[in-house]
Structure formats: C-alpha cells, structure tokens
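Below is one structure, written out as structure tokens; the observations come after it.
The values are calculated or read from the model by the stated rules, or taken from the named source; none is laboratory data. Computed from a predicted model, the values in this text were never measured in an experiment. Glycine also receives a Cβ, built like all others from the backbone with ideal geometry; neighbour counts cover every protein chain displayed. Just the protein is used for accessible areas: all its heavy atoms, side chains included, with ligands, DNA and RNA removed. Shrake-Rupley method; radii C 1.70, N 1.55, O 1.52, S 1.80 Å.
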Amino acid sequence: MNKNDKMLKEVIDLINRMKSTRPLVECLTNRVTINDCANMLLAMGASPIMAEIECEMEEIMNISSALVINLGLLDGTYLSAMKTAAEAAKRLGKPIVLDPVGAGASKLRDETCREMIELTKPDIIRGNMSEIRALTGGNISSKGVDASDDDAVNETNRLELGELVREYAEKTGSVVCATGAVDIVSDGVQVFYLKNGHEMLCDVTGTGCMCSAMTGAAAAAGEPLAAAIAAVVMMGIAGEYAYEYVKETEQGIGTFRVKLFDYIYSLSDEDYIKRGEIYN
Amino acid sequence: MNKNDKMLKEVIDLINRMKSTRPLVECLTNRVTINDCANMLLAMGASPIMAEIECEMEEIMNISSALVINLGLLDGTYLSAMKTAAEAAKRLGKPIVLDPVGAGASKLRDETCREMIELTKPDIIRGNMSEIRALTGGNISSKGVDASDDDAVNETNRLELGELVREYAEKTGSVVCATGAVDIVSDGVQVFYLKNGHEMLCDVTGTGCMCSAMTGAAAAAGEPLAAAIAAVVMMGIAGEYAYEYVKETEQGIGTFRVKLFDYIYSLSDEDYIKRGEIYN
Amino acid sequence: MNKNDKMLKEVIDLINRMKSTRPLVECLTNRVTINDCANMLLAMGASPIMAEIECEMEEIMNISSALVINLGLLDGTYLSAMKTAAEAAKRLGKPIVLDPVGAGASKLRDETCREMIELTKPDIIRGNMSEIRALTGGNISSKGVDASDDDAVNETNRLELGELVREYAEKTGSVVCATGAVDIVSDGVQVFYLKNGHEMLCDVTGTGCMCSAMTGAAAAAGEPLAAAIAAVVMMGIAGEYAYEYVKETEQGIGTFRVKLFDYIYSLSDEDYIKRGEIYN
C-alpha cells in the first residue's frame with residue numbers, strides 16, 4: 001500500500017470548505033444516537049436538523065445541503081418520510097448518505113436496506129464492514145449494531161475485502177465506505193484503505209452513526225469519494241487523540257466519548273497532515 | 001440600558017424557592033434533546049417526567065407542577081397528547097411553557113406553532129430570536145433548529161427587536177422570551193435585555209430546549225416574567241463559566257457541555273449577584 | 001445484618017463470565033435514556049441492540065442473550081413488540097428483565113406494568129422502591145420516574161420493606177430488585193440488602209434504566225438472583241468512586257455522569273472485594 005497524499009490534500013480542502021459554509025444537514029436517524037449525531041455535526045462545524053414529518057421534507061430539503069438516512073429505526077411512517085426526503089434531495093441535487101444499520105441482523109433489515117438503496121440511489125453508503133458484507137450477500141455473523149471483531153481487516157484479507165467493497169460500489173453506483181479496524185472506501189474504480197482510529201471507538205455507541213452524519217456534512221462540500229474519506233479520517237484521528245488523552249490521564253470510556261467531541265471540534269490541517277493515514 | 005437589580009433579586013428568590021420545592025416538570029419534548037432536558041432539570045434542582053401517552057396526561061399533570069411543550073417533534077399522536085396535557089394544566093392552574101422549535105423552517109412548523117399557541121395560551125413562549133421573528137411574521141432566514149448569527153442583537157437593532165418581542169407578548173398574552181446573543185424577555189409591558197451567555201452555547205444542540213425545560217421548573221416557583229428571566233440567566237452564567245473552564249484547560253465542546261451541567265448544579269446566589277446581567 | 005461474602009464471590013464470578021462472553025442484550029426501552037443504556041452496556045463489557053420492530057423480534061431474540069423490557073414508553077406498537085419479544089425470549093430460554101418505570105404515577109402505568117409482568121413472567125423485576133411498592137398495592141407518593149426520598153430504607157423499615165419485596169418475589173415468581181438508598185433483592189426466599197451507591201446517582205436521569213439494562217447483561221451470564229445483585233453492586237460502587245472523584249476535583253453532576261461510565265468500564269475484582277456491601 002502507498003500513502004496517498006493527493007487524496008489527503010483533497011480531504012483537507014474539503015473539510016475547510018465545509019467549515020466555511022457550515023452546511024445544514026437533515027438527518028433521518030435512529031433514536032439511540034440522534035443526540036450524538038446532532039452534537040457531532042455542530043462539533044465539526046456543520047448544522048444539524050432532525051425533522052421527520054413527511055409533509056415538511058420538501059421544504060426541509062430545500063434549506064438543507066445534504067440528507068443522511070440512517071436505517072437504525074425501521075418504522076413505516078419513518079421510512080415513508082425517508083423516501084420523500086430522498087426524492088426531494090435527488091430533485092434538488094443534494095447529496096444523500098445512507099447508513100444500513102444492522103444489515104445482517106434480521107431479514108427485515110436486509111430487505112429494507114436493499115430496497116432503500118435501490119430506491120434512493122445514495123451518493124454514499126456507509127456501514128460497518130459486517131453490514132456491507134451482509135448487503136453483498138456475504139457470510140456474516142452479526143453481533144448487533146455496533147462494530148465487532150468480525151469487521152477486522154488485516155493484511156491477509158485486505159485485498160479481498162477491498163475488492164468486495166469495490167464491486168459493491170460498482171454495482172450500486174454509490175461510493176461505499178466500510179468501516180472497521182481498517183476502513184475501506186471505494187467509488188467502484190479506486191479503493192482506499194484508511195488506518196486511523198482506535199478500538200475504543202467500538203465501545204461508544206453510535207460512532208458509526210455519527211460518522212455517517214459527518215459524511216453528510218462533508219458531502220455538502222465536495223465529491224462523494226473525498227467526503228466519505230474525510231469523515232472517516234476526522235473520526236479516526238479524533239479517536240486516536242481521545243485514546244491518548246484517557247490513557248495519559250488514566251480515565252475511561254465516559255471521558256473518551258467527551259474528548260472525541262473535543263478533538264473533532266479542534267482538528268486542524270496540521271493534525272490531518274501529521275496523522276492522516278490514507279492508502280491505496 | 002440600566003441594570004435592573006430589583007429583577008435580579010426577584011430571580012434569585014425564585015430560584016431558591018424552586019430548589020426548596022423541587023418541582024416535578026412534565027415535558028412533552030423532541031427526541032433529539034430529551035435526555036439533556038431531563039438531566040438539566042435534575043441538575044438545577046427540579047425533577048423531570050417525560051410521560052407522553054394521552055390517556056395519562058390528566059393524572060400526570062395532577063402530580064406535576066408545570067408543563068413544557070416543545071414542538072420539535074410534530075407527529076399527530078404527540079400533538080394530541082400535548083393538547084390534552086395543556087387543557088389539564090390550564091384547569092389545574094399549572095404554568096405552561098411552549099417552545100416553537102424550528103418555526104420558520106417549514107409551513108407545517110409555522111402553522112402548528114401558531115395553532116398550539118392559540119390553543120394552549122402558554123404562560124411563557126421561549127424560542128430563538130429567529131423563531132420568534134417567524135411567528136410574528138417577520139423576515140427570517142432559518143438555518144435549522146439551533147441558534148445562528150441571524151439571532152444577533154446589537155445596539156442598532158436592540159430597541160426594534162425589543163419592541164417586536166413586546167408586541168408579540170402583548171398580542172399573545174404570554175411572556176415571550178427570545179434568546180440570542182442578547183436575550184429579550186417581555187410580558188407585553190416591560191422589556192428586559194439579558195446579556196449573559198457565550199457563543200459556545202450555540203455549538204451544543206438543545207441548549208434552547210434545555211432552557212425551555214428549565215423555564216418550566218422556574219415557572220412552578222414564581223411569576224412567568226421572572227421565571228423566564230431566571231432560566232435564561234442560569235443558562236447564560238453557566239455558559240460563561242463553562243467557556244472559561246474549557247479555555248483555561250484547553251479543552252473543547254464535549255467538555256464545555258459536561259461543565260454546563262456541572263455549573264448549573266452548583267450556581268449560588270453569589271454567582272447570580274456577581275455575574276447577572278439584567279437590563280431594561 | 002451479616003455480610004454475605006459467598007454471594008459477593010458469586011457476583012464477581014458472574015461479572016467475569018459476562019465480560020468473557022460479551023452478551024448481546026436486546027433492550028426495548030424508553031426514549032429518554034436509550035443512549036445511556038446502550039453506552040452502559042458497552043462500558044460494562046456487553047453489546048447493546050435496541051431493535052423495536054415487532055416482525056424482527058424473533059430473529060433479534062435468536063441472536064441476543066437477554067431481553068430488557070423498560071416500560072417508560074407505553075405506546076401500543078411498542079408494547080406489542082415487547083410481548084412478541086418476550087414470547088420469543090421465553091421459548092428460546094433467554095432471560096427477561098422488566099423495569100416498571102413510573103408505576104404509581106398513573107393508572108395506565110400501574111395496569112400496564114401488572115399486565116406485562118403477568119404476561120412476560122420476567123426472570124427479574126427491577127424498579128425503584130416506590131415503583132415496587134406501587135405494584136404491591138402499597139401506599140406511595142410518586143415524584144416522577146426518578147428515585148426520591150420516598151425510597152429511603154433505614155434500620156426501622158428495613159425488615160418491613162425486605163418482607164414486602166420477598167412477598168412480591170414469591171407472588172410473581174420473579175427475582176425482585178427494589179433500588180433506593182439501600183437496595184433490596186429477593187428471590188422469594190432469601191432477602192439481600194445492598195448498601196453501595198451514592199445519592200448523586202439520583203441526580204442523573206436513567207441510572208435506574210441503566211441498571212436494568214446491566215441486569216440483562218448479567219442475567220445472560222448467571223442465575224437471576226446473583227445477576228440482579230451484580231448489576232446493582234456495579235452501579236453502586238461506580239457511583240461511590242464517581243462521587244469521590246467529583247468531590248476531590250470540585251466538579252459537579254455533569255462530570256459525575258461521565259465518571260460513572262469511566263468506572264463501570266474499569267471495575268475489577270479488587271474493587272468488588274474492597275467495596276462490595278452485600279448483606280442478609
């Protein structure tokens with residue numbers, strides 16, 4: 001693997017563009033992590049809106065710069081609002097990020113995720129590696145909605161998983177971002193491997209959901225491929241700093257979660273240059 | 001503008017009365033910040049209850065000391081429970097605080113907020129300046145549900161906005177509290193300008209919602225005008241302390257949010273006397 | 001009262017077994033504290049899943065190791081999903097923990113709690129002392145859903161309340177865990193009194209809900225009696241440490257809440273041995 005400094009530069013430019021425009025991001029997201037998603041968008045320099053009534057989706061998408069669909073909550077009214085929001089987003093040319101939460105955990109989730117992906121043709125699909133594998137029809141052993149060891153990418157399976165992600169991106173026409181110990185992002189042609197992050201991120205619920213919300217804000221400021229990478233790199237580097245902080249101060253997961261927001265809030269170009277681990 | 005020490009004293013008395021009675025506050029509020037509202041009520045010395053089923057509203061209002069209606073979530077079942085709760089609150093003489101979240105963002109929101117205000121005749125309406133402007137029919141440019149620069153009050157527009165808030169209070173018969181860089185509160189006769197706070201409060205989602213919940217607890221312990229001012233002053237001073245803490249310790253928005261709760265928990269008469277900025 | 005070191009040892013073994021198997025715990029829980037429950041499960045070494053659509057409950061219970069039913073939210077669709085989940089759990093031999101949130105606050109809550117207990121025959125019922133008293137038909141004065149002074153257990157009423165809890169456990173066939181200043185746990189035969197904890201736990205919303213979620217994870221790793229005690233002891237000791245931390249560092253309730261997660265994350269056998277206060 002070779003470090004890709006060109007993409008890193010593109011990512012930094014995109015993040016700065018995002019911060020200067022402060023995009024309003026409409027999130028139709030699950031109840032568990034909705035507050036974290038809103039606070040993470042504010043922390044990164046964007047603005048959240050979590051409207052969920054179908055009849056206002058047209059107006060909301062009109063004032064928003066991106067749409068994030070998180071399939072953690074699957075009730076019918078909610079799904080219907082998601083479809084209407086996605087139609088409006090498409091018509092208005094606003095990017096759509098879809099998070100297939102829990103794909104692999106039940107037939108309902110598999111089918112709904114596949115149907116929603118076909119229907120909304122998201123610019124970016126972001127999920128855990130096990131969720132992406134479930135969507136491709138691969139073998140998975142779901143341990144719920146949070147990332148698990150099953151998501152591990154190592155030197156042995158890296159190319160295989162990279163090809164799986166690339167094929168799925170080609171098939172769907174979306175940029176696909178599969179997060180895990182190593183994160184894999186592909187637009188169907190190129191494949192990127194991102195090595196930032198720390199395993200403590202798996203011990204906070206919703207770091208995946210937050211990453212999807214952040215991807216929405218990033219997609220409002222640049223191309224889907226760089227946007228997906230930007231969100232993951234931000235979360236990864238903030239995770240590393242948060243881990244180093246709690247290790248040094250001998251604190252735990254509660255403090256780690258607080259510091260994650262602190263670091264997302266303060267990340268600068270220098271941090272990305274010093275820490276960014278983008279390969280292909 | 002002149003500092004109003006009489007109102008400051010009234011506010012301090014009201015807060016101490018509130019703490020000594022520990023009022024139970026029923027909140028019908030949105031999903032994004034519901035946990036923060038509950039924790040903020042506990043932090044200030046009140047008790048939260050977030051019951052939402054219509055058929056128990058009569059009993060819940062019977063044991064509660066105030067009702068907070070937050071229009072962030074607009075689904076029909078929920079609105080129906082709000083109406084029933086408001087009827088019970090009126091009948092039982094319990095104060096009602098209404099937060100017109102996102103007024104200006106969609107027709108649905110504008111209409112629902114206006115309808116709910118007419119129907120429930122709240123003792124206090126608390127919103128961002130842009131939301132209050134939207135309700136008065138003024139020009140607004142909504143950037144979602146969190147406060148934005150559009151809310152800025154400066155020496156040039158202060159009297160104009162003060163008159164707008166006063167007129168809206170007169171028209172509705174409610175105390176109106178419009179928060180922003182300077183907060184404006186009016187009962188239709190007097191106009192108060194509150195200068196506490198820090199802009200980092202805008203980078204935490206739900207500080208407005210939390211302020212409305214706190215207003216409910218305050219309204220259980222005194223007149224609506226002083227209650228609205230009390231909640232805003234508490235939040236504002238805690239915001240200043242939290243900012244000073246994170247600046248000194250070189251931390252960020254995650255820590256700011258934690259410290260906000262710490263300071264609300266510990267604010268004393270001395271803090272109000274030293275820091276309170278109430279003018280008219 | 002005598003210290004019961006045998007039970008303490010059983011509790012420690014159970015917690016270690018739980019950590020080594022990392023059980024997936026399905027929680028059907030209220031919207032106020034759902035994020036805290038998920039994060040607390042992760043902090044203690046378990047995995048959360050918060051699926052709530054009825055038609056996937058069979059599959060979800062199949063991959064889960066325990067079911068937690070929290071009756072804070074009482075809408076019909078939700079209750080229906082709870083019943084289906086409970087049927088599946090029973091059939092599959094997965095333990096059920098039920099939290100009768102707000103019993104005593106309204107007729108709806110009393111009736112729904114009683115009905116759900118009869119229907120689901122939970123392995124463990126965990127509530128505040130006032131909620132358990134309400135279910136037994138005793139006199140209560142509810143102050144909402146958070147624990148209050150009404151829950152106080154002292155040397156005068158300890159045996160009386162212990163007998164009340166024991167009788168209710170005998171009647172329902174469940175292990176009953178009534179939390180308060182002193183926590184009482186009974187399987188209908190033995191009665192245990194747990195003295196860990198700190199009153200600041202009452203100033204964070206959802207410590208009861210979190211404790212119920214933790215009880216679910218514990219029940220996946222051992223007998224209901226030891227599991228109920230294990231969860232309460234973990235929360236109690238973490239609460240003591242968190243209090244000592246904020247007292248020493250002169251911080252408040254926001255920091256206390258963060259440290260609660262930190263300590264749950266790091267509790268070790270030594271902590272239980274040094275601090276555990278299990279009596280009967």
### the range B:1-157, relative contact order in percent, only Cα pairs under 8 angstrom and at least six apart counted
17 percent
### Candidates C:GLU26, C:GLU199, C:GLU244, ranked by Gaussian network fluctuation over chain C, Cα under 10 Å, top entry
C:GLU244
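Across peptide A:45-57, how many C-beta atoms of other chains are within 10 Å of each residue C-beta, on average? Intermediate values should be presented prior to the final figure.
On the way: counts 1, 1, 7, 5, 8, 10, 11, 7, 8, 1, 4, 8, 2.
The per-residue average across the peptide is 6.
How much space per residue, in cubic angstrom, does the convex hull of the C-alpha atoms of the protein assembly as shown take up? Could the numbers behind the result be given before it?
Numbers: hull volume 119.4 nm³, N = 840.
So the per-residue hull volume is 142 Å³.
Can you give the convex hull volume per residue for the Cα atoms of the range C:1-107, as a whole number of Å³?
Working: hull volume 14.8 nm³, N = 107.
Cα convex hull per residue, to the nearest whole number: 139 Å³.
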### Query
Mind listing the phi-derived Karplus ³J(HN,Hα) values for the range A:4-11, rounded to whole Hz, using 6.51, -1.76 and 1.60 with θ = phi - 60°, and x for any glycine or proline?
10, 6, 5, 5, 4, 4, 4, 5
#### Entry: Inter-probe distance in nm under a simple model that places probes 7 Å from Cα toward Cβ, at C:LEU119 and A:LEU92
4.1 nm
### Centre separation in Å (Cα based) which lies between the range B:8-30 and the range A:259-279
42 Å
### Message
Give me the one-decimal nm value for the distance between modelled label points at B:ASP75 and A:THR77, 7 Å along each residue's Cα-to-Cβ direction.
### Response
0.4 nm
### Task
Report, ordered by chain and residue number, the lysines lying within cross-link reach of B:LYS90, taken as a straight Cα distance under 20 Å and ignoring same-chain residues fewer than 8 apart.
B:LYS121, B:LYS171
#### Entry: Hz values of 3J(HN,Hα) by residue in the range A:35-52 - Karplus curve (6.51, -1.76, 1.60), Gly and Pro given as x
5, 4, 5, 5, 5, 5, 4, 4, 4, 7, x, 10, 10, x, 9, 10, 4, 9
### Message
Suppose we compare each residue of the range A:256-280 in its chain alone and in the full protein complex with a 1.4 Å probe; which ones drop by at least 10 Å² of accessible area?
### Response
A:ARG257, A:VAL258, A:LYS259, A:PHE261, A:ASP262, A:TYR265
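Could you tell me the total accessible area buried at the A-C interface, probe 1.4 Å, in square angstrom to the nearest hundred?
Working: alone 11830 and 11840 Å², together 21430 Å².
The contact between C and A buries close to 2200 Å².
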### Message
Per DSSP helix of 4 or more residues, -39500 (n - 2.57); summed, then divided by the residues of chain C. What does that give at 222 nm, rounded to the nearest 500?
### Response
-16500 deg cm²/dmol
### Query
C:LEU73's amide H: which non-local residues (gap 5+, or another chain) put their own amide H closer than 5 Å, with H modeled 1.01 Å from N in plane and none for Pro or chain starts?
C:ASN30
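Using a 10 Å cut-off around each Cβ of peptide A:201-208, what is the average number of partner chain Cβ atoms that fall inside?
Values: counts 0, 2, 7, 5, 13, 3, 0, 0.
Counting other chains' Cβ atoms within 10 Å and averaging over A:201-208 gives 4.
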### Query
What FRET efficiency, computed as 1/(1 + (r/R0)^6) with R0 = 56 Å and r the Cβ-Cβ distance, is obtained for C:ASN280 and A:GLU223, rounded to the nearest 0.05?
0.30
### Query
Whose amide H sits under 5 Å from the amide H of A:ILE125, counting only residues 5 or more places off or on another chain, with H placed in the peptide plane?
A:LEU98, A:VAL175, A:VAL176, A:CYS177
#### Entry: GNM flexibility winner over chain C from C:LYS90, C:LYS247, C:LYS19 (Cα, springs under 10 Å)
C:LYS247
### Query
Given a Förster distance of 25 angstrom, what is the FRET efficiency for C:GLU199 paired with A:THR249, based on the Cβ-Cβ distance and rounded to 0.05?
0.40
## Note on the structure
For chain C the mean separation of alpha carbon contacts under 8 Å (6+ apart) over residue count, i.e. relative contact order in percent, is 22 percent
### Query
Each label point is 7 Å from the Cα along the Cα-to-Cβ direction; what then is the distance between the points at C:GLU167 and A:ARG158, in nm?
6.8 nm
### Message
Quick check on my link table: of C:LYS19/C:LYS247; C:LYS195/C:LYS247; B:LYS3/B:LYS259; B:LYS83/B:LYS107; B:LYS9/B:LYS247, which ones sit more than 23 Å apart, alpha carbon to alpha carbon?
### Response
C:LYS19/C:LYS247; B:LYS3/B:LYS259; B:LYS9/B:LYS247
### Query
Under the definition of partner shielding as Cβ atoms of other protein chains within 10 Å of a residue Cβ, what is the mean value for peptide B:28-40?
6
### Query
Just the accessible area per residue of the range C:156-257, please: how many Å² with a 1.4 Å probe?
32 Å²
#### Entry: Vicinal HN-Hα couplings computed from phi for the range C:19-30 (Karplus, 6.51 cos²θ - 1.76 cosθ + 1.60; Hz; Gly/Pro x)
4, 6, 9, 6, x, 8, 10, 7, 10, 9, 9, 6
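What dipole magnitude, in Debye to the nearest 20, does the protein assembly as shown give about its Cα centre under +1 on Lys/Arg Cβ and -1 on Asp/Glu Cβ?
In total the dipole reaches around 140 debye.
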### Query
Looking only at B:GLY137, B:GLY236, B:GLY72, which one moves most when chain B is put into a Gaussian network model with springs between Cα atoms under 10 Å?
B:GLY137
### Accessible-area composition of the protein assembly as shown, carbon plus sulfur, in percent [1.4 Å probe]
48 percent
